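Report on the structure given below.
The values are calculated or read from the model by the stated rules, or taken from the named source; none is laboratory data. All values derive from a computational prediction rather than experimental measurement. Glycine gets a Cβ as well: all are built from the backbone with ideal geometry, and neighbour counts include every protein chain shown. Remember, those area values only see protein heavy atoms, side chains included, never the ligands or the DNA or RNA. Shrake-Rupley method; radii C 1.70, N 1.55, O 1.52, S 1.80 Å.
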Amino acid sequence: MRVIQFTAALGFVGTVFSQSSTVDSFIAAESPIAKAGLLANIGPSGSKSAGAKAGVVIASPSTVNPNYLYTWIRDSSLVFKTIIDQYTLGTDSSLRGQIDNFINAESIIQQVSNPSGTISTGGLGEPKFNIDETAFTGSWGRPQRDGPALRSTAMITFANWLLDNNNSTFVTNTLWPIIKLDLDYVANSWNQTSFDLWEEISSSSFFTTAVQHRSLREGSALATRIGQTSVVSGYNTQADNVLCFLQSYWNPSAGYVTANTGGGRSGKDSNTILASIHTWDIAAGCDAATFQPCSDKALSNLKVYVDSFRSIYPINSGIASTSAVATGRYPEDVYFNGNPWYLCTLAVAEQLYDALLTWNSVGSITVTSTSLPFFQQFSSSITAGTYASSTSTYSTLTAAIKTYADGFVAIVAKYTPSAGGLAEQFDKSSGAALSAADLTWSYASALTAFGARAGVITASWGAKGVKVPTTCAPNAGPTVTATFNVQATTQLGENIYITGSVGALQNWSPDNALLLSSANYPTWSLNVTLPASTSIEYKYIRKLYGQVTWESDPNNQVTTPASGGIVQNDTWR
Ligand code: NOJ
Ligand code: NOJ
């Protein structure tokens, strides 16, 4: 309905329009609505955010079912990254006051003691605050460790622009102390358990890890640039560790990124699409180490993610298997009965537009065995290889992928109410707008997707040439404490050791097996840190003057919890 209104308004006649002109007219009409809708939700003078302090972004004006009249660090930081990009790329020079307000508001919120802790004891992981900058003290999924990373990324983008424009004093004196608090938090706690961006699962989460990696990488570069050299090697070390851990989310047999280490779901999740678009760096080309939008892994993942929604939403029924559909957070979602989200559907389009811009800059498309199923959607005869931009294969693929990307925007156009407001979700059966109205993040996601379609290239952050370390730091990822107790009588000179299937238990090496303490003989004991949410096998061994005796089969087995600790009480076999 809406599409026809727009096209009619633009002077087209008739009811059949090409998808591209449909999308063009939707974007022309929706862009100013999205921009105004976003600014309406920022205090102190936003028209829908009465009571919000200056620079505070409300998630939505909705106060019931759901009540989103709070400020989330994630939403606010993504919204202000959009604003800072618009300002620094010269799209809108009127936004400077908003940016100054945001910096001031976040510097206040950082210091507010809250249920996650104080500024020095973990309070930076608090996900949401009241809009008057006081702590929200109700129960909630906390901490959420993506917030400080996203906030520092927004501010680092602004800092780099200021340095380019000769304002190093403000960067060093005002911005850097705020940025450093967030980066220190990320560097110190990236491998601890966190609630995911959907505030439901406490484990490790791809989006969180990916944005943490980005923030440390660009944070270390900024520190170098302004002479704050004392933090550089620490941030670089942790950035390498985070990048190493990031690889572990990839599921090679199924060709997608598993979004969370816990939660017991398929792991197909918009989390991973959002990670790719918010860590896009055109200078990195199609590098898979950072899951760039055009990397083979990110494209394979996009297909698996999109396909997971084809059969579960009635509004997707009848749509060809190679055309765009409405997508949501993850297929198992039950929030408001589980529906498509505007920002998730737009994120798919944005990843594809980012990919198109990157292929254009690289001058070719490379198809690998990993990305083959993605490309086969657009050419059934395509084979692995590199196709230069001068080839007809390149032209065919890029045209088809542009059409496919536009399809996701067309879905959003179809289900946007005629006044243009963007809520959080749209109903999987009727397509009607649902849940929080005027979701600030929905508006930001529209602006960034439209920008990418129009060719906007955001600033690089240092993804180019990063190398995944050959061995990851021990205990990367969330850990739990474990106590192993085993009853074992021994003869003089004989000791009990443990080894098992993970690095923390020395990977089945009898030579490097860990010695247990005989302080409570005949109980031998060891405390050790183990990876969380992991199935682990192990055995005790005896060593008598270098002679090794293994426990009899089978292996002992334990699955560690997502957090906390375990005690294993065993008897030597
Ligand atoms: C509110 C959270 O914001 C949302 O992400 C979550 O799905 C629901 N609570 C249900 O847990
Ligand atoms: C629920 C979403 O799951 C979460 O990501 C978001 O931060 C809040 N709503 C506020 O928009």
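Structure notes:
- Within the accessible area of region 18-453 (1.4 Å probe), percent carbon and sulfur: 51
- Rounded to the nearest Hz, the phi-derived 3J(HN,Hα) couplings of region 513-522 under the Karplus curve 6.51 cos²θ - 1.76 cosθ + 1.60 (θ = phi - 60°) are 3, 8, 6, 8, 8, 9, 4, 10, 3, x, where x marks glycine and proline.
- Distance from the C-alpha centroid of region 182-221 to that of region 440-460: 23 Å, rounded to the whole angstrom.
- Rounded accessible area per residue of the chain, 1.4 Å, Å²: 37
- Region 197-210 - phi-based ³J(HN,Hα) in whole Hz, Karplus 6.51/-1.76/1.60, Gly and Pro as x: 5, 8, 6, 10, 10, 9, 6, 10, 9, 4, 4, 4, 4, 5
- Local electrostatic count at Val186 - Lys and Arg +1, Asp and Glu -1, tallied over other residues with Cβ under 12 Å: +1
- Relative contact order (percent, whole number), region 479-571, Cα cutoff 8 Å, 6+ residue spacing: 40
- 222 nm mean residue ellipticity, helices alone, for the chain (DSSP H n ≥ 4; -39,500 (n - 2.57); rounded to 500): -12000 deg cm²/dmol
- Fraction of beta bridges assigned by DSSP in the chain that are antiparallel (%, nearest 5): 85
- Under the criterion of Cα pairs below 8 Å and six or more residues apart, the relative contact order for region 274-336 equals 19 percent.
- Relative contact order, whole percent, for the chain stands at 13, derived from Cα pairs under 8 Å and 6 or more residues apart.
- Farthest positive-ward along the chain dipole, Cα basis, beta-carbon charges - from Ser21, Trp190, Tyr394: Tyr394
- Rounded to the nearest whole Hz, the Karplus-based 3J(HN,Hα) values (6.51 cos²θ - 1.76 cosθ + 1.60, θ = phi - 60°) of region 146-157 follow the sequence 7, x, x, 5, 5, 5, 5, 4, 4, 6, 5, 4, with x at glycine and proline.
- Nearest-ten-degree value, helix 342-362 long axis tilted from longest Cα axis of the chain: 90
- If you take all other residues with their beta carbon under 13 Å from the beta carbon of Val57, and give Lys and Arg +1 and Asp and Glu -1, the sum is +2.
- Expressed as a whole percent, the accessible surface of region 479-571 that belongs to carbon and sulfur atoms is 47, based on a 1.4 Å probe.
- Rounded to the nearest 10 degrees, the angle from helix 392-414 to the longest Cα principal axis of the chain is 80 degrees.
- With Cα atoms, 0 to 90° folded angle of helix 96-110 axis to the chain main axis: 30
- Positive contributions from Lys and Arg (+1) and negative ones from Asp and Glu (-1), summed over other residues with Cβ under 10 Å from the Cβ of Cys294, come out at -3.
- The residue among Tyr521, Ile536, Ser563 whose Cα reaches farthest toward the positive pole of the charge dipole of region 501-573, with charges on the beta-carbon of Lys, Arg, Asp and Glu, is Tyr521.
- Volume per residue of the C-alpha convex hull in the chain, rounded to whole Å³: 175
- By the rule of a second cysteine Cβ within less than 4.7 angstrom, the chain holds isolated cysteines at Cys344.
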